[in-house]
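The values are calculated or read from the model by the stated rules, or taken from the named source; none is laboratory data. Since we're looking at a predicted model, the values are computed, not measured. Positions of Cβ are backbone-derived with ideal geometry, glycine not excepted, and every protein chain shown enters the neighbour counts.
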Amino acid sequence: MRTLSRRVWLLLGFAMLLVVFLLYLNSRRPSARVAVVQASRQTFRSSITSNGKVEPIRPYSLRAKFDGFLDRVIAAEGKNVKKGDLLLTLNDRNIRAQLDQARAQLASQEDDLHAARAGGRVDQSAKLGADLKSAEAERNLLERQQETLTKLAAQNAATAQELERNRTALERAEAALDQARKAKQEFEHQVGLDRDRLDLLVEHSKALVNDLQDKADSARVAAPASGTLYSFPVHAGDFVHTGDLLAAIADLHELRVRAYIDEPELGQLKSGQTVVVTWDALPGRTWTGKTEILPRQVVALGTRNVGELFCTIANQGMELIPNTTVDVRIEINELANALIVSRGAVQIDGVHRYVYRLDGGRLHRTEIRVGLSNATQFEVLSGINEGDTLALPGGTTLRDKMAVRVAIPESESE
């Protein structure tokens, strides 16, 4: 029994020595190196970042109004032009021929309309009128003769055969008079129809003449306003179709940026907020402006749901050009003397945010409450103090009570 008890005590002693030895080894193991940042007070700027497209504010797009060849090209893309400057000319021979034909057709139709409004063709109207008068005179004569013969027959001074012949002639005269009246009525009705038809034809021909005149006038393409000829995709000898773009002109000293703002951030937008624009083609260069027209609807943009925000941007050097894709930052709020930490130091656990605060060579997991934020920083409302040193995760998994050493940047260690 004593032997067994002695063995147990020996085993327990050995285990305790092993634990002490492992603790000793652990204390000798070098601490993990972590990069750190400090919580500091500074002016905090909350912003929204996104992408956008540059557009001219008041562009003038000049398009071909008829099919044809370009005779001359006077201007050049990228040059400044003044209102009225001739840019190019199109061959208008075919349009001019169509215009002459349309004018001749209009003149003929206007003559016909004038005649229709006057009661129809004079010769035809006069003939029908004369025929009607002649038929009326013939009928009236035979009526009087019929009355006379009837009286004479009653006195046995005229025969029954004479009376019958006159009656038959009177019937034929009345039929001829009815026919003359119908012919006159049909003529007048047709004149009315022709007048309405010719009214429509004349209006159509006038519209055609005006359209062809407008096309003929458009053969000489001049600048409608002063500005920069930022698009000029044609050359002399090119054949263009109706609607093809010939030139685009705008004043590029002030531009519009159509910024695509994600739906959750739309509620932060207001008119007049400061906008900063950058363009990858000119790194280090910035353009500033103001928000102008707020989104009125949400649209799909790839996998995003966005509102389109219009911003006015100053471009005095005219380095920024239309149709380029740019990065946009909208300044939402500015807060003086705010306690600020880097986004990289803040970790999330559900609805909670926390940091690893370095104190005495060890990390202490500390929950914080945040306020405003931007792409790189958080405003801290509570949980830490100004000057607190906070660990950045980097390649190390951080833990509470973890022993660490501050990693010294290579530039400082050299």
Checklist line | Enumerated strands (runs of 3 or more DSSP E) restricted to segment 44-107, each holding at least 1 residues that are over 25 Å from the mean Cα position of the chain (by Cα) | finding: 68-73, 86-90
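Only strands (runs of 3 or more DSSP E) wholly contained in segment 339-414 count here; list those with 3 or more residues that are without any contact (Cβ under 8 Å) to a residue 60 or more places away in the chain, surrounded by 12 or more Cβ atoms within 10 Å (Cβ to Cβ) and under 49 Å from the mean Cα position of the chain (by Cα). Lay out the reasoning, then the answer.
Working: elements: 347-349, 352-359, 362-373, 377-382, 389-392, 404-406.
Once the strands (runs of 3 or more DSSP E) in segment 339-414 are filtered for at least 3 residues that are without any contact (Cβ under 8 Å) to a residue 60 or more places away in the chain, surrounded by 12 or more Cβ atoms within 10 Å (Cβ to Cβ) and under 49 Å from the mean Cα position of the chain (by Cα), what remains is 352-359, 362-373.
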Margin query: If a residue counts only when it is among the aliphatic types (A, V, I, L, M) and touching a Phe, Trp or Tyr at 6+ places or on another chain (Cβ under 9 Å), which strands (runs of 3 or more DSSP E) contained entirely in segment 194-258 have at least 1 such residues?
Written below: 245-250
Item checked: Subset of segment 279-302 [more than 15 Å from the chain's Cα centre (by Cα) and surrounded by 17 or more Cβ atoms within 10 Å (Cβ to Cβ)] -> W279, W287, G289, T291, E292
Check: Which one is surrounded by the fewest Cβ atoms within 10 Å (Cβ to Cβ), of the residues in segment 108-142 that are more than 15 Å from D178 (Cα to Cα) and modelled with pLDDT of 80 or more?
Finding: D111
Notebook entry, point to check: Given the conditions (1) at pLDDT 95 or above; (2) within 30 Å of T291 (Cα to Cα), and given that D85 satisfies all but one, which numbered condition is not satisfied?
Noted result: (2)
Notebook entry, point to check: Just one of the numbered conditions (1) within 23 Å of V406 (Cβ to Cβ); (2) at pLDDT 90 or above; (3) not small (G, A, S) is not true of Q377; which one?
Noted result: (2)
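Scan segment 224-281 for residues that are small (G, A, S), without any contact (Cβ under 8 Å) to a residue 60 or more places away in the chain and out of contact with any strand residue (DSSP E or B) (no Cβ under 6 Å at 6 or more places or on another chain) and report the count.
2
Just to be sure, is L99 surrounded by 17 or more Cβ atoms within 10 Å (Cβ to Cβ) and in the same structural domain as V202 (by TED's automatic domain parsing)?
Working: surrounded by 17 or more Cβ atoms within 10 Å (Cβ to Cβ): yes; in the same structural domain as V202 (by TED's automatic domain parsing): yes.
Against the criterion (surrounded by 17 or more Cβ atoms within 10 Å (Cβ to Cβ) and in the same structural domain as V202 (by TED's automatic domain parsing)), L99 qualifies.
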Notebook entry, point to check: Among K206, K215, K151, which is the only one that is more than 30 Å from G289 (Cα to Cα) and modelled with pLDDT under 85?
Noted result: K151
Next item on the list: Consider V276 carefully, then state whether it is over 19 Å from the mean Cα position of the chain (by Cα), over 30 Å from K82 (Cα atoms) and assigned to a strand (DSSP E or B).
Entry: yes
Check: Any idea which of I313, I332 is of a type outside the set (D, E, K, R) and modelled with pLDDT under 95?
Finding: I332
